[in-house]
1. In nm, to one decimal, how far is the S173 label point from the S253 one, both placed 7 Å along Cα→Cβ?
2. What is the extension gain from S65 to D31, computed as 0.36 nm multiplied by their sequence separation minus the C-alpha to C-alpha distance, in nm to one decimal?
3. Quick one: which of 22-30, 40-48, 144-152 comes out on top by average Cβ neighbours within 10 Å, and what's the full order, highest first?
4. Quote the Stokes-Einstein diffusion coefficient, in whole µm² s⁻¹, for segment 10-276, based on the Kirkwood radius over alpha carbon pairs, a temperature of 37 °C and a viscosity of 0.692 mPa s.
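Each reported figure results from applying straightforward, stated rules to the coordinates on display, with no laboratory input. Predicted model, so just to flag it, every value in this text is computed and none were measured. All Cβ positions, glycine included, derive from the backbone under ideal geometry; neighbour counts span all protein chains shown.
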Amino acid sequence: MTAGSREPILTIRDAALRRGDRELWSGLDLDVHAGELIAVLGPSGSGKTTLLRAILGLEDLSSGSIRVLGSEVRSPGSRRVGYIPQSRPLPRDTALRGRDLVALGVDGHRFGFPLPRRGDRERVDALIDAVGAREFADRPIGQLSGGEQQRLRAGQALADDPLLLLCDEPLTSLDLANQQAVISLIDRHRREKLPTDSPPAADVSGRASGRVGPAAVMVVTHDINPLLGKVDRILYIANGRFTLGTPEEVLRSEVLTALYGAHVFVLRAGDRLVVVGAPDAEASHHHHDEVHE
């Protein structure tokens, strides 16, 4: 990936976020370019998910600014930004079929009851095929496995062919096969446009929301190992501070020791990296944000 001289898709300047009297982080400057994949790491409670919510327009910064394609983020709902949430199984009695969940990404932005448009079904079918969900797309979504549900969430997130894709722990609770499937989808999206014969959808201003060329991706994850070899840079947040750089620059014992203010060791076990000794600021949370579990 080369950023080139083109305008960044995402620009964050001097951003800070506080919760009560606690500063999660401050002074964050970040440019994310087309074709770039950024992994966001750090202990629970360090503000990783909140950063994604701020980019989505769902949280306000304490100070600083966030711009997507040169426009300041002011409210949620931009069709230029896709979002894959954490994998949380839907109730078994959920009435939606798998394809209905994907369809919400195609027509769910409309005011009132969504009416089928010419080309909508073709678009949904193309997305279902792209995420490998053809075999289970017509089953009730509550009866699908976590991995199958997550593939469909990816299809929903990619429905508008977003220029910026945000992923919050997209691999949690997935088996190895589904982890690799979701990673492949994310990596493919940031490199090339999803195959579809339908024209790009238009936003409320009438402008096409489809993209030409690669997209930018940010992935919050507790385990960098499945993404190694695909990540361009890592944003590691801990103790109200952060460090930003390539995996080789960030995932080093001396760098993480300085960030945490405690002895941290990065060990290599075969083709995997393991962080040992990193304190978890919120150990009571439902997951631990380490490089390897």
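1. Rounded to a tenth, the inter-label distance reads 3.7 nm.
2. 11.0 nm
3. Working: 22-30: 16.6, 40-48: 24.1, 144-152: 22.1.
Most protected by this proxy first, the peptides run 40-48, 144-152, 22-30.
4. Rounded to a whole number, D works out at 169 µm²/s.
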